[in-house]
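The values are calculated or read from the model by the stated rules, or taken from the named source; none is laboratory data. Quick caveat: nothing in here was measured; it's all calculated off a predicted structure. Cβ placement follows ideal geometry from the backbone for every residue including glycine, while neighbour counts extend to all protein chains displayed. Note: areas computed on protein heavy atoms with side chains; ligands, DNA, RNA excluded. Shrake-Rupley method; radii C 1.70, N 1.55, O 1.52, S 1.80 Å.
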Amino acid sequence: MAASEPCYHCGLPIPAGAEFPVEIDQIRREMCCAGCQAVAQAIVGNGLGDYYRHRDALPESPREALPQIVADFVLFDHPDVQKNFVRRVEGATGEHEQEAALILEGITCAACVWLNESHVRRQSGVTAIDINYTTRRARVRWDERITKLSAILEAIAAIGYRAHPYDVGRSEELARKERKAALWRLFVAGFGMMQVMMYAVPVYLADGDMTPDIEQLMRWASLILTLPVIGYSAAPFFVSAWRDLKLHRVGMDVPVALGVGAAFAASVWATLIAAGEVYFDSVTMFVFFLLSGRYLEMMARQKAARSVETLARAIPAFATRLAVWPCTSVNAAGERVAVAELRAGDVVQIRPGETVPADGCVLDGESAADESLLTGESRPVPKRVGDALIGGSVNTASPLVMRVERVGEGTRVAAIQRLMERAAAEKPRLVEIADRIAGRFIVALLLLAVATALAWWWIDPSRALWIFVAVLVVSCPCALSLATPAALTVATGALAARGVLVTRGHAIEALARADRFIFDKTGTLTVGHMDLVEVIPVHGNATLALALAVALERGSEHPIARALAAGGADAGYEVSAVRATTGAGVEGNIDGLAWRLGRPEFVAAMHGLAIPADALAAVGVGDTVIALGSAQGWQAFFRLSDSLRPEASAMTAKLIAAGIKLSIFSGDAPAAAARVGAALGIADARGGLSPEDKHAALKALQAAGETVVMVGDGVNDAPVLAQAQVSIAMGGGADLARANADVVLLGNDLQALPEGLALARRTVRIVKQNLVWAFAYNFLAIPLAMAGWVTPWMAGIGMSASSLLVVLNALRLQRS
């Protein structure tokens, strides 16, 4: 198949090697990506095949208009079409809220983002929309009872933009298309500028000695050569400006279009009447320099976006599915199928060098997996029978056979990607402030330009026009709007490469301001794999006590529950009225008797029991103590031990060196918390805290003016994680903790914390540098232009260079 063959559904070129066929009317049709394949299959599978027949019958039907045509046919409202890019929002009010991941075509500046967000947000039923300028990705939420996705897509199209369901293949194709179009516009502008200069320079050199007829010929030649530059190269400026003005808004392209249009119109008039000054050379030069800056900025932006979207490319397009298992050999032949066709329970073969297509477990073989993209762990992780495999990791050594357990949106890669999308779509406080300033700045600039033109009309009318153009052009609100999001986007990608997943837009800014880190103990500073060291019976024997404890903890995933289950067998006791108290323990009825298992204070409070001193004295100082009791009194005490993470000591030393104050808030016994604190050099180690106690203690620190980072891993950490300015969850912790956290440590490596802190602080420094430059440039350049010391072509260079500089400065974070 030729790489240039267009996709039958969307019309975009099909990448070489892509195989996404769909049979339509008994004819095999090729698609460019899995997204188009899914849409086409849904269309055909639901009896809507007439869509393609009617579409193909249209004369010269432009394929680029197909997304809107599909919206007109309400195909994007079909559940089968939506399943790849729309999800129901968990916990949404009334459970009628849906969220779609889209990619927008036609975004040229930060004002386009603001325009789309403002317009869509006013649509009935839309509850939220956030657009990331760097990646062009949008996250839209709506109430399905009030509106439909097709209505939202039509609203976006109504203001001159196009929205597509997000697919990494489509995203890359649109980026390539954007680069190609920008390069052609730049080429036409550059060629026109050089040709116009060939006619302008002789006129300048003649200094009035050129005969009028020759000079007029030069003007007409310059006009003809400038027309393609205005009509093609500069067309996006005029289209965007007209769109903004129709909607009664002032975007960032309005000053540019006004300046270029005024200079060109005045030059055309001067050419027609053969009198006055012409500015064709300045117009073409300005358009060329502005397009050069935007092209370089676009390349830098796409580079930053690629670093963030790396995860989307992690899952391969195809996998080798084994029809029969077990086979005689790990190297048995299988069927090559699209990964989208895999289902839970399928058996897949993974050869060395291939990427794991879904989450699952090893059935056969022994190898190692490179999980660096997902966890930041640079060393391959050994994999044996029974070990978990993460979709997106790479098999590095020997063939493996795996059973698929989770596919599509249920995989770890998809969960990570959703969290990254949430962070990219949310606007931090700095971005919102900069956007508001930029919007007001444009209005103020237009007023300044008009006032300057009127002033110069009285001083020197011959200079009024080009000074007016220079004032419009030299300003750079784009640099102001790009200063923060460019740096945050690059920083998010750089942190993800280190295994630090930022899931909230404000996290980097708040992390940079942090002056105290609070750690949970179990599973955070310790490995979280507790071992049952000793059972100390008070009544009865140790075997009975352990059996009762295992029964009460049946079904729990808490580290203590796993340690008890590993220490004794489940005797099969029937437990009723089970109720867990977060951070304290569990209670239930066995054979008609109420039992409690948990912290000694929790058990003692049941019937006013006194904790026996001899039992506590027998427990080693610093170990975790769990008690079992009933209305009949104490049954037993369990001593459990947990070891520190090997990197914890180095991590705390680096944080202390960075000026960070450290605390431990633990639900374990105070002695256990103190022992860990002493080993790590943390003086403020508090034990015996309930979730409410942790919450109150954290609020007290915040009331004292501290910016607090909370690091935890369990369900009982969720309330205090929500209270902290920055919450960090361990990647292997509870789902609730990860979902509510601002940052997730994917690889559970605490060494990433000081690295993340350093990068966050550097990011904020670069944001401040960008903002200082953007303000300084505008405050310096605009007065110079108003004074007549800046020509339009110089203004074009300055404006382009200003935007480019902030993006290049942000890209330095990739090398840190």
Calculated Rg and Dmax of the stretch 450-533 using C-alpha coordinates, Å: 26.9, 93
Please report the net charge: other residues with Cβ closer than 14 Å to the Cβ of residue 623, K and R +1, D and E -1. 0
Beyond 22 Å (Cα-Cα) in this structure, taken from 177/768; 654/699; 699/768; 148/180; 661/694; 148/246, we find 177/768; 654/699; 699/768; 148/180; 148/246
One finds, for residue 388 and residue 227 with R0 = 60 angstrom and r their Cβ-Cβ distance, a FRET efficiency to the nearest 0.05 of 0.40
Label point 7 Å beyond Cα of residue 124 along Cβ direction - residues of the stretch 146-168 with amide nitrogen under 20 Å: 146-159
Taking each pair of different alpha-carbon atoms in the stretch 531-574 once, compute 1/r for the pair, average those values, and report the inverse of that mean as the Kirkwood hydrodynamic radius in Å to one decimal. 10.5 Å
What does the stretch 556-612 give for Rg and for Dmax, in Å, if only its C-alpha atoms count? 12.0, 31
Give me the percent of accessible area attributable to carbon and sulfur for the stretch 213-263, probe 1.4 angstrom. 77 percent
Gain upon complete extension [residue 187, residue 515; 0.36 nm per residue less C-alpha separation]: 112.9 nm
Size descriptor, Kirkwood hydrodynamic radius, that averages inverse alpha-carbon separations across the stretch 474-518, Å: 12.1 Å
Based on alpha-carbon positions alone, could you give the equivalent ellipsoid semi-axes of the stretch 622-709 from the gyration tensor, as √(5λ), descending, whole Å? 29, 19, 8
In Å and whole numbers, how far do the C-alpha atoms of the stretch 558-664 stretch along each principal axis, longest first? 57, 30, 23
Compute and list, largest first, the equivalent-ellipsoid semi-axes of the stretch 119-255 from the alpha carbon gyration tensor, each √(5λ) rounded to a whole angstrom. 45, 17, 10
Listed residue (441, 410, 539) projecting farthest to the positive dipole end of the stretch 390-549, Cβ model: 441
Net charge over other residues, Cβ less than 9 angstrom from the Cβ of residue 667 (K, R count +1; D, E count -1): 0
Evaluate E = 1/(1 + (r/R0)^6) for residue 433 and residue 573, where r is the Cβ-Cβ distance and R0 equals 51 Å; express this FRET efficiency to the nearest 0.05. 0.25
At 25 °C and 0.890 mPa s, what whole-number value in µm²/s does Stokes-Einstein give for the translational diffusion of the stretch 506-607, with Rh from the Kirkwood sum over Cα pairs? 157 µm²/s
Excluding residue 565 itself, what net charge comes from residues whose Cβ is under 14 Å from its Cβ, given Lys and Arg +1 and Asp and Glu -1? -2
Value of D in µm² per second that Stokes-Einstein yields for the stretch 429-478, Kirkwood Rh from Cα pairs, at 10 °C (1.306 mPa s): 135 µm²/s
Using the alpha-carbon centroid of each, what span in Å lies between the stretch 680-729 and the stretch 539-574? 30 Å
Would you compute, for the Cα atoms of the stretch 180-310, the largest minus smallest coordinate along each principal axis and list the three values in descending order, in whole Å? 62, 32, 19
